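*Asks:* Dropping the structure in here first, questions after.
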Amino acid sequence: MADAEENLASTSTTNATDKEAAKICVLLNATGNVPIIKKRTWTVDPNKTVSWIQKFIHKYLKLDATEQIFLYVNQTFAPAPDQIIKNLYDCHGTNGKLVLYYCKNQAWG
């Protein structure tokens, strides 16, 4: 019984490490008149969507419900809210990171 518990514990530790390694590094940069998030680099589950990141930023900055957050990839285009982070990273990731710019007003695109 003790051996089974040890195997379960080591397996769950390995799975946690694998999950952490599978996450995508996202760099969040403020643009325009939006408050700056001091911690700029976050690890995100690759299956999360752009709208999930928008909601995360909105909640983190404690913005009013009427305020919007716009996201841009590499200062060039606004991805669709249902876009998967892994797809964006595969196409636009640089130096092991996906660079996203956030603002309260439309800036690029």
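*Asks:* When you check I69 against the structure, is it modelled with pLDDT under 95 and either of a type in the set (A, V, I, L, M, F, W, C) or farther than 17 Å from Q106 by Cβ (or both), yes or no?
*Replies:* yes
*Asks:* Would you tally the residues in region 54-75 being closer than 15 Å to K97 by Cα and either assigned to a strand (DSSP E or B) or of a type outside the set (S, T, N, Q) (or both)?
*Replies:* Residues flagged as closer than 15 Å to K97 by Cα and either assigned to a strand (DSSP E or B) or of a type outside the set (S, T, N, Q) (or both) within region 54-75 amount to 2.
*Asks:* Let me ask something additional. Here is a list: I57, I85. Which entry is under 13 Å from V26 (Cβ atoms), in contact with a Ser or Thr (Cβ under 8 Å, 6 or more places away or on another chain) and either loosely packed, with under 12 Cβ neighbours inside 10 Å or modelled with pLDDT of 95 or more (or both)?
*Replies:* None of the other options fit; the residue is I85.
*Asks:* Applying the selection to region 13-38, what residues are modelled with pLDDT of 90 or more and open to solvent by 60 Å² or more (accessible area, probe 1.4 Å)?
*Replies:* Across region 13-38, the qualifying residues are K23, I36, K38.
*Asks:* I'd like to check something: does region 39-53 contain any residue that is open to solvent by 50 Å² or more (accessible area, probe 1.4 Å), part of a helix (DSSP H, G or I) and either out of contact with any strand residue (DSSP E or B) (no Cβ under 7 Å at 6 or more places or on another chain) or not hydroxyl-bearing (S, T, Y) (or both)?
*Replies:* Yes; the residues of region 39-53 include at least one that is open to solvent by 50 Å² or more (accessible area, probe 1.4 Å), part of a helix (DSSP H, G or I) and either out of contact with any strand residue (DSSP E or B) (no Cβ under 7 Å at 6 or more places or on another chain) or not hydroxyl-bearing (S, T, Y) (or both).
*Asks:* I've got another one for you. Can you work out which of the residues in region 88-109 that are in a loop (DSSP other than H, G, I, E, B) and either touching a residue at least 60 places away in the same chain (Cβ under 8 Å) or on the phi > 0 side of the Ramachandran plot (or both) is surrounded by the fewest Cβ atoms within 10 Å (Cβ to Cβ)?
*Replies:* N95
The values are calculated or read from the model by the stated rules, or taken from the named source; none is laboratory data. This one's a predicted model, so the numbers in the text were calculated from it and none came from an experiment. Counting neighbours? That spans all protein chains shown, and the Cβs are built from the backbone with ideal geometry, glycine included. Each accessible area value is taken on the protein alone, full model and side chains, heavy atoms only, with ligands, DNA and RNA left out. Shrake-Rupley method; radii C 1.70, N 1.55, O 1.52, S 1.80 Å.
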